[in-house]
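Some notes on the structure that comes next.
Just so it is clear, none of the values below were taken in a lab; they were calculated from the coordinates. The shown structure was predicted, so the numbers you read here are calculated from the model rather than taken from an experiment. Methodologically, a virtual Cβ is constructed for each residue, glycine included, from the backbone with ideal geometry; neighbour enumeration extends over all protein chains shown.
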Amino acid sequence: MNDSAAAADSTPAVDLGALQVAVIGAGNMGGPVVRTMLEAGVSPQHLRIANSSTASSERAASELGASAASTRSEALEGADVVVLGVKPYQILDVVTELRDELPAGAVVISWPRASLSRRSSRRCLQASRWCGRCRTLRSRWGRELWV
């Protein structure tokens, strides 16, 4: 066994079972994120989905194997990670609506650049209390993510 393989074997796995995750919008954009988080070990009862309606949230949660929240506020309660999986044209309204409800210290993940300029997306987060030090990351698909 080489040194890098030995180092990989000795690295402790991260337990995501207790991580609280809120997914706002679990359709075409947020749905794959939900699946990936569940596969990575996030507990289904700790992954709450809030879509545009309670019925839509329950349907998505049932299909994806997660939990449904009746409101966005309920989904955000105690969240460690918030995924904004809404359509790009909705992002400004969603950020404005949720900015005062976001738990302190939560990590926010989104990919808004499909319809927002870099300046608009920065101003959007900086205007909210979310962005103490927000970063924009480029994903391997060439899309930008807010983290």
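Run the quick spin-label model on V107 and T36: label points 7 Å from Cα toward the beta carbon, then report their separation in nm to one decimal.
Each label point is offset 7 Å from its Cα along the Cβ direction, giving 1.2 nm.
Can you sort I24, I109, I91, I49 so the residue with the fewest Cβ neighbours within 10 Å comes first? Provide the component values of the computation, followed by the final result.
Details: I24 27, I109 18, I91 24, I49 30.
By the 10 Å Cβ count, ascending: I109, I91, I24, I49.
Please list the non-local residues whose amide H lies under 5 Å from the amide H of S43, H modeled 1.01 Å from N, same-chain partners needing a gap of 5 or more.
Answer set, sorted by chain and number: L19.
What distance in nm separates the two pseudo spin-label positions at E74 and E97, each 7 Å out from Cα along the beta-carbon direction?
Result for the modelled spin labels: 1.5 nm.
Using the Cβ atoms and a cut-off under 15 Å, what net charge is assigned to the surroundings of L47, where Lys and Arg are +1 and Asp and Glu are -1? Please report the intermediate quantities before stating the final value.
Working: positive: R35, R48, R72; negative: D15, E39, E58, E63, E74, E77, D80.
With Lys, Arg at +1 and Asp, Glu at -1, the neighbours total -4.
Considering only C-alpha atoms, what is the centroid distance from the range 21-40 to the range 50-87, in Å?
What the calculation gives is 9 Å, centre to centre.
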